[in-house]
Amino acid sequence: MKIFALTIIVAHLCLPSYCDEEYRSFSDQQGRTIKAKLLFFDPIKNKLIIERDNRRRATVSPSVFSVEDQNYIHKWTKAYLLKDKRNVTYSIDENVGDVIHHRGVEEQNLSKFTRYRNHSFTIELKNKSNVDFGNIRLECNLLINRQGYRNTEDNMYCESDTSFCELGPLSTTSIKTKKFKLFERYIQATDSDGNGNIDSYELKDAIEEVEGVIFRLYLADDTDVSLEFCEPSGFLKKFHWNEFQPRQGKEKSGLMK
């Protein structure tokens with residue numbers, strides 16, 4: 001059976017595949033059906049490279065697909081272009097607030113205090129293409145390393161956030177995450193030498209630090225990841241999105257006990 005015979009431009013037999021999606025059924029304007037997956041899109045030539053379920057590849061115009069498939073094709077091409085660093089670039093800026101004293105407890109000559117800093121991230125997205133990506137969703141997972149906690153064996157936990165922005169053609173926009181509170185507990189103690197001389201000193205009792213953060217960009221109404229990046233560089237080589245375990249419920253760290 002000839003499949004999209006009149007619309008195939010060039011056969012591609014040796015191109016590598018960068019797409020993990022499964023084969024799905026497509027139909028053209030004449031009602032002919034194939035099983036294929038989309039691999040590449042050239043916005044200048046407005047051509048798609050598809051791979052049929054027999055592993056043969058072809059270049060076709062998006063317009064050959066049926067009206068029913070056009071919405072999927074349109075969404076896929078936008079997500080594909082969002083992944084391309086030639087179209088969209090990003091930068092990450094970590095914002096660390098001033099120290100805020102939370103509370104203190106007096107115990108004889110010891111004073112135990114908890115304090116925290118607000119950490120947040122600003123992601124700048126620059127669209128260098130003429131594509132209107134519309135509403136963009138940013139999800140982030142922040143991995144926090146906690147040391148010196150009482151009554152727990154875990155030394156890491158995750159905080160998550162979701163933000164949205166509009167990314168139009170040839171535009172720059174910024175997305176800000178929520179503020180993440182990172183706590184530390186410290187002890188202020190005093191010593192006397194018996195001669196009226198008093199020395200005071202401070203000891204850290206527990207601390208939370210940012211281990212790393214992973215960001216994912218999506219088209220707002222899509223579940224497929226368009227772009228994934230991290231801070232610090234190389235963090236994705238050590239940790240993956242699915243390894244992060246967001247904290248459940250309202251319980252805070254041992255520093256707040």
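For this structure, a couple of remarks:
- Qualifying residue in the stretch 120-140 (condition: modelled with pLDDT of 80 or more, touching a Leu at 6+ places or on another chain (Cβ under 6 Å), assigned to a loop (DSSP other than H, G, I, E, B) and closer than 26 Å to residue 230 by Cβ): yes
- Check on residue 77, closer than 18 Å to residue 224 by Cα, of a type in the set (S, T, N, Q), modelled with pLDDT of 90 or more and surrounded by 14 or more Cβ atoms within 10 Å (Cβ to Cβ): yes
- Leading residue by the ranking (modelled with the highest pLDDT) among those in the stretch 7-49 that are more than 25 Å from residue 224 (Cα to Cα) and loosely packed, with under 10 Cβ neighbours inside 10 Å: 31
- In the stretch 149-168, the count of residues that are surrounded by 15 or more Cβ atoms within 10 Å (Cβ to Cβ), over 25 Å from residue 236 (Cβ atoms) and modelled with pLDDT under 90 is one or more.
The values are calculated or read from the model by the stated rules, or taken from the named source; none is laboratory data. All of these numbers come straight from a predicted model, not from anything done at the bench. Cβ coordinates were reconstructed from backbone atoms using ideal geometry, including for glycine residues, and neighbour counts include every protein chain displayed.
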